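Note sheet for the following structure.
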Amino acid sequence: MSRTPARALLLALLAFAAVAAAQDYPRKPLRLIVPFSPGGGNDTVARAIGSQLAAQLGQPVLIDNRAGAGGIVGAELAAHSAPDGYTLFLGGVGSLAVNPNLHAHLPYDALKDFAPITLLASAPSVLVAHPSIPAATIQAFTAYARANPGKLNYASNGNGSSAQLAAVLYESMAGVRMVHVPYKGLAPALVDLLAGQVQLMFSSMVAILPHIKAGRLRALAVTGRERSALLPEVPTLAESGLPGYEAGSWYGILAPAGTPAPIVARLHEELVRALQDPQVRERLAAEGAQTVGSSPAEFERYIAAESARTGKLLRDANIRME
């Protein structure tokens, strides 16, 4: 037998085996790696989609929070896991767009080490300040920040997080200079913000809403194109003197590169179906998120575009970590 027919036969056998494996999938619990600690927007999205996916697949979906290094710890673990469909990764702007442009050496390649499955949702953030800051509006705060360069500290849930990116974009467009204080997750950052140890933070909506309502924090602006239904009285940065400003979080599900295409297709089908569940949609809406449900190819293009956009922003701001 010549080499070409033998190779064709081998490929056919491998394809048949992959389809057969997908038909028998899943046979055991799945693990969904979340690269941030419990309590934030990433964790909320993961648990909302994970519980519904488990119900549809008939197998548990175990949420594995692996916080550290702005999402690098969890992303590396997911990228180097077995490509068998039993390990999934909740990726977002930090792990897939910021870190590849922020760090000269990463232990994973955001574009080559993952098989994108679907973009689940996107959500704006809200800029909040401690009441000790003498500014009741975003315009007044911007003027105050410009008059006090390098004297204001802003918290984030880690280097490379969407919170840091939103702040960097604000600094660049508003012409202000602040000091970044990264934390290992949202919870410790929020503790110090409430205590006045740091003065402001770009945060996901849900974790911060009770403190805004109680007057412990002041909401200055939201980062989306439009005002949020959760805070309709709070203006966007774009309408407050920074036209074109838009930032926030996005959440997607990926598998390690090499995961069989039939399994990726099955997971895509189930995840899109999960996003149509009323309880899932309600839970994501409460987070201020809008559901998407893209195709794997669309999600792959989205990651590449977000990485390019983020890279330009970080280069323009001269931000880099070795």
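The values are calculated or read from the model by the stated rules, or taken from the named source; none is laboratory data. In this text the structure is predicted, and so the values were computed from the model without any measurement. Note: ideal-geometry Cβ built from the backbone for every residue, glycine included; neighbour counts use all protein chains shown.
Residue-by-condition table, conditions (1) touching a Phe, Trp or Tyr at 6+ places or on another chain (Cβ under 7 Å); (2) under 23 Å from Val292 (Cα atoms); (3) hydroxyl-bearing (Ser, Thr, Tyr); (4) not assigned by TED's automatic domain parsing to the domain that holds Asn157:
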residue: Asp24; (1), (2), (3), (4): no, no, no, yes
residue: Val45; (1), (2), (3), (4): yes, yes, no, yes
residue: Leu53; (1), (2), (3), (4): no, yes, no, yes
residue: Ala75; (1), (2), (3), (4): yes, yes, no, yes
residue: Leu106; (1), (2), (3), (4): no, no, no, yes
residue: Phe114; (1), (2), (3), (4): yes, yes, no, yes
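Can we say Ser294 is more than 25 Å from Pro134 (Cα to Cα), touching a residue at least 24 places away in the same chain (Cβ under 8 Å), of a type in the set (Gly, Ala, Ser) and out of contact with any Gly (no Cβ under 6 Å at 6 or more places or on another chain)? Yes; evaluated as a whole, the condition is true for this residue.
Of all residues in the range 124-135, those being modelled with pLDDT under 95 and of a type in the set (Gly, Ala, Ser) number 1.
The set of residues from the range 142-166 being more than 19 Å from Ala195 (Cα to Cα) and at pLDDT 95 or above comprises Thr142, Ala143, Tyr144, Ala145, Arg146, Ala147, Asn148, Pro149, Gly150. Could you list, in sequence order, the residues of the range 275-289 that are in contact with a Gly (Cβ under 9 Å, 6 or more places away or on another chain) and in contact (Cβ under 8 Å) with a residue 24 or more places away in the chain? Listed by number, the residues that qualify are Leu275, Glu287, Gly288, Ala289.
Number of residues in the range 238-253 that are part of a loop (DSSP other than H, G, I, E, B) and closer than 30 Å to Ala82 by Cα: the value is 0. Only residues that are of a type in the set (A, V, I, L, M, F, W, C) and over 11 Å from Gly160 (Cα atoms) were counted in the range 64-111, giving 14.
Taking the stated definitions as given, is Ser95 within 30 Å of Arg281 (Cα to Cα), surrounded by fewer than 24 Cβ atoms within 10 Å (Cβ to Cβ) and of a type in the set (Ser, Thr, Tyr)? It is false that Ser95 is within 30 Å of Arg281 (Cα to Cα), surrounded by fewer than 24 Cβ atoms within 10 Å (Cβ to Cβ) and of a type in the set (Ser, Thr, Tyr). What about Gly293, is it at pLDDT 95 or above and either touching a helix residue (DSSP H, G or I) at 6+ places or on another chain (Cβ under 9 Å) or buried (at least 17 other Cβ atoms within 10 Å of the Cβ) (or both)? So Gly293 passes the test.
Tell me whether the range 168-177 contains one or more residues that are among the aromatic types (Phe, Trp, Tyr) and either under 23 Å from Pro232 (Cα atoms) or in contact with a Gly (Cβ under 6 Å, 6 or more places away or on another chain) (or both). Yes, the range 168-177 has at least one match. If you go through the range 106-155 and keep only what is surrounded by fewer than 18 Cβ atoms within 10 Å (Cβ to Cβ), touching a residue at least 60 places away in the same chain (Cβ under 8 Å) and of a type outside the set (A, V, I, L, M, F, W, C), you end up with Lys112, Pro131, Ser132, Thr137, Gln139.
Listed by position, the helices (runs of 4 or more DSSP H) enclosed by the range 1-113 that each have at least 2 residues that are touching a helix residue (DSSP H, G or I) at 6+ places or on another chain (Cβ under 8 Å) and modelled with pLDDT of 95 or more are 41-57, 72-79.
Which of the following residues is under 15 Å from Ser122 (Cβ atoms), within 21 Å of the chain's Cα centre (by Cα), surrounded by fewer than 15 Cβ atoms within 10 Å (Cβ to Cβ) and not aliphatic (A, V, I, L, M): Glu298, Glu282, Glu287? So that I can check it myself, show each step before the final result.
Values: Glu282 fails: under 15 Å from Ser122 (Cβ atoms); Glu287 fails: surrounded by fewer than 15 Cβ atoms within 10 Å (Cβ to Cβ).
From the options Glu298, Glu282, Glu287, the qualifying one is Glu298.
Scanning the range 70-92 for residues that are on the phi > 0 side of the Ramachandran plot and buried (at least 24 other Cβ atoms within 10 Å of the Cβ) returns Gly70, Gly71. Among residues of the range 41-61 that are on the phi < 0 side of the Ramachandran plot and without any contact (Cβ under 8 Å) to a residue 60 or more places away in the chain, those with a beta-carbon under 8 Å from a residue that is basic (Lys, Arg) and buried (at least 17 other Cβ atoms within 10 Å of the Cβ) at least six positions away or on a different chain give the pairs Val61/Arg31. For the range 193-218, a residue qualifies if it is among the small types (Gly, Ala, Ser) and either buried (at least 23 other Cβ atoms within 10 Å of the Cβ) or assigned by TED's automatic domain parsing to the domain that holds Thr44 (or both), and the qualifying residues are Ser203, Ser204.
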